[in-house]
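The values are calculated or read from the model by the stated rules, or taken from the named source; none is laboratory data. If you're wondering where the values come from, they're calculated on a predicted model, not measured in any experiment. Note: ideal-geometry Cβ built from the backbone for every residue, glycine included; neighbour counts use all protein chains shown.
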Amino acid sequence: MHTLLVTGPGGAGRSTVAASTALAAARQGHRVLLLSAGPTDPPVAPEGTLRVTRVDSGEEFRHELVALQERGSAVLGMLGARPLHTDEITELPGAEQFALLRALRRAADEPGTDLVVVDMPPLHQAITTLALPAQLRRYLARLLPAERQAARALRPVLAQLAGVPMPAQWLYEAAARWDEDLAAVQDVLEAPTTSVRLVAEPGPASDAALRLGRLGLALYRLPVSALVANRMLPAGSTDPWLAGLAAQQEKYAAQWAGDESLPVLPVPHLGRDPHGPEDLAELAPAPAPAIAPRPAWTVEDRIAEDGVLLWRVPLPRAEKPELGLVRRGDELLITVGPYRRIVPLPAALRRCTVSGAALADEELRIRFTPDPGLWPRSGEKA
């Protein structure tokens, strides 16, 4: 099963492109699920092998909170808490992201689906949402480390004495469930059959948003399979205003097409708001690779040349002032514009010190010098 995550700058028409992509794939005979994270119904109805689902984040939040209360009823009762009723629960900020991630996991578990097309939130919000599973699992591992659970054998005895389940036991059990759910979503996002399709209307504002968005996607190693240049105006208009807009679109679309690693799929402007399946069929992007290779972070062995190891991190169109790099123990904190990621160092680099970094050819190249006290001597095994 393939998963195609469709996002782009706000107002770029990503929902329409997601719907037209799903409809075109279904009409080609594929079994398709269109998953929408928007507040309104997707602009397409089920048809043939196309199924359509909208994520109801409010209902999802109420269901999860009620279930959490039920699992922790004994602890909440010990603390004197009064349970919330379903009809008084309103969703909190961030509920949409978690509802979408859970829907992604459920979609991956559904049999009989060839392609899942996901109408994601706008680009910046989509990136932070897709980064959540790995980030939250790291927080859980730091705040509630698994090795601390070795003492849980004593908790049932303490619970019998106290007459209620111990809060620590309940907390660790909840953390284990969260980690399992997050790991399942992370498996979907990191699968080789998952990729991102960007949607943008060519122009200076979209170009700036795409540059930062592609940096964020590269930082989290989310592969981009294609860029849809949406609402392209026809060339050759006698109206100077329309001709100027069309020329600007062509300029930026040509710049995007100059990046050979990213196919650009032009989609015309209908001259009206699309309405109905036939309009969507007319707007379907041309076929493009359904998947793309995940950006590779490679370690280059240059010890024989100048005594260093080089870690190469692809960052398309990055600029030096927006980069930050900090090492903390066996982890590296990389900042790119508004995005930040903490990554564990490969085993070989943990025995080295960071001796420099440079941005060249759209790569962040981090230099590591072997620590003589930790690096194997000649003739020793690593």
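Return a yes/no flag: does segment 23-31 have any residue that is in the same structural domain as Glu60 (by TED's automatic domain parsing), crowded, with 20+ Cβ neighbours inside 10 Å, in contact (Cβ under 8 Å) with a residue 12 or more places away in the chain and assigned to a loop (DSSP other than H, G, I, E, B). No - not one qualifying residue is present in segment 23-31.
Output the residue which, of all residues in segment 261-304 that are part of a strand (DSSP E or B) and at pLDDT 90 or above, is surrounded by the fewest Cβ atoms within 10 Å (Cβ to Cβ). So the residue we want is Pro268.
Restricting attention to segment 305-338 and to residues that are part of a strand (DSSP E or B) and basic (Lys, Arg), the residue that is farthest from Gly213 (Cα to Cα) turns out to be Arg328. Residues that are at pLDDT 95 or above and either surrounded by 21 or more Cβ atoms within 10 Å (Cβ to Cβ) or over 25 Å from Ser20 (Cα atoms) (or both) within segment 232-241 are absent altogether.
Here is the figure for segment 43-66: residues that are hydrophobic (A, V, I, L, M, F, W, C) and surrounded by fewer than 18 Cβ atoms within 10 Å (Cβ to Cβ) total 3.
Among Ala292, Ala235, Ala218, Ala243, which is the only one that is among the aliphatic types (A, V, I, L, M), under 24 Å from Ser195 (Cα atoms) and assigned by TED's automatic domain parsing to the domain that holds Leu50? Exactly one of Ala292, Ala235, Ala218, Ala243 is among the aliphatic types (A, V, I, L, M), under 24 Å from Ser195 (Cα atoms) and assigned by TED's automatic domain parsing to the domain that holds Leu50, namely Ala218.
The residues of segment 107-131 that are buried (at least 19 other Cβ atoms within 10 Å of the Cβ) and either modelled with pLDDT under 85 or out of contact with any strand residue (DSSP E or B) (no Cβ under 9 Å at 6 or more places or on another chain) (or both) amount to a single one, Thr129. Given the condition small (Gly, Ala, Ser), in contact (Cβ under 8 Å) with a residue 60 or more places away in the chain and not assigned by TED's automatic domain parsing to the domain that holds Ala19, answer yes or no: does some residue in segment 301-324 qualify? Checking segment 301-324: at least one residue is small (Gly, Ala, Ser), in contact (Cβ under 8 Å) with a residue 60 or more places away in the chain and not assigned by TED's automatic domain parsing to the domain that holds Ala19. Among the residues of segment 339-371, the ones that are at pLDDT 90 or above and part of a strand (DSSP E or B) come to 22 in all.
Is it the case that segment 359-372 has a residue that's without any contact (Cβ under 8 Å) to a residue 12 or more places away in the chain and over 28 Å from Ser195 (Cβ atoms)? Yes, some residue in segment 359-372 is without any contact (Cβ under 8 Å) to a residue 12 or more places away in the chain and over 28 Å from Ser195 (Cβ atoms). Pairs meeting the criteria (first residue in segment 255-269 and more than 25 Å from Asp279 (Cβ to Cβ), second residue crowded, with 17+ Cβ neighbours inside 10 Å, beta carbons under 6 Å, at least 6 apart or on different chains) are Ala257/Val264; Leu262/Leu227. Of Gly58, Gly80, Gly11, all but one fail to be modelled with pLDDT under 75 and outside any strand (DSSP E or B); the exception is Gly80. Each residue in segment 344-356 was checked for being closer than 23 Å to Gln135 by Cβ and free of Cβ contacts under 8 Å to residues at least 40 places away in the same chain, and 5 of them qualify.
Beta carbons closer than 9 Å, at least 6 apart along the sequence or on distinct chains, pair a first residue in segment 204-226 that is on the phi > 0 side of the Ramachandran plot with a second that is in a helix (DSSP H, G or I) and acidic (Asp, Glu) for Arg221/Glu190.
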